[in-house]
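Reviewing the structure listed below.
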Amino acid sequence: MKRKLFLGVILLLSANVLFFSSCEDDNDKPLAPSVKITELGSGHDSPNDKIGYAGSDIHINAEITAEGLIESITLEVHQEDGDFEFHEVYTDAKGLKSTTLHKHIDIPAEAPEGEYHLHLVVRDQEGQTGMAESELIIKPASENDDDGHDHDDEHDHDHNH
């Protein structure tokens, strides 16, 4: 009788160890990175107008969280019906769990006007990726109503005046 009880206890303990071990493995892997584009555009009409002008720049703000720690942030912009594209990899946030990305991207004067797709891809140190995407319209420089106003003052920047 004692032997059956002993074997039953051993079997029960083994099953519990196996069950709880498999549960812990599921929780060990961090969530994939999350990316949210909060602003994208020239800032002329609004900070999120999703419009850029050839020969000028656009700014992008994004909130990024990566439980597995950021490895790299890749920005890709490509023309919907054409060959023009832009690709940049940023590693200045490497090793961080979260960051606010704020970049100003120069649009070459020769960039054709039209519809573009923007992809912001975050890879964590576990090899997982998260992505946000947006539409972007590039207009010719002749439509840029830049009045000489410094639009950088519309954003939160540290100015030492």
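The values are calculated or read from the model by the stated rules, or taken from the named source; none is laboratory data. All values derive from a computational prediction rather than experimental measurement. No Cβ is skipped: glycine too gets one built from the backbone with ideal geometry, and neighbour counts run over all protein chains shown.
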Subject >> Lone qualifier among 121, 89 - being at pLDDT 95 or above, among the hydrophobic types (A, V, I, L, M, F, W, C), surrounded by fewer than 13 Cβ atoms within 10 Å (Cβ to Cβ) and assigned by TED's automatic domain parsing to the domain that holds residue 39 >> reply: 89
**OP:** State yes or no: is residue 34 hydroxyl-bearing (Ser, Thr, Tyr) and either at pLDDT below 95 or surrounded by 18 or more Cβ atoms within 10 Å (Cβ to Cβ) (or both)?
**Re:** no
Subject >> Scope region 40-69; condition of a type in the set (Val, Ile, Thr) and either free of Cβ contacts under 8 Å to residues at least 40 places away in the same chain or out of contact with any Ser or Thr (no Cβ under 7 Å at 6 or more places or on another chain) (or both); matching residues >> reply: 60, 65
Subject >> Subset tally (residues that are surrounded by fewer than 16 Cβ atoms within 10 Å (Cβ to Cβ) and closer than 17 Å to residue 43 by Cα) for region 106-118 >> reply: 1
Subject >> Of all residues making up region 42-69, the number that are surrounded by fewer than 16 Cβ atoms within 10 Å (Cβ to Cβ) and of a type in the set (Lys, Arg) >> reply: 0
Original post:
Restricting attention to region 60-69, does a residue exist that is within 19 Å of residue 95 (Cα to Cα) and at pLDDT below 95?
Top reply: no
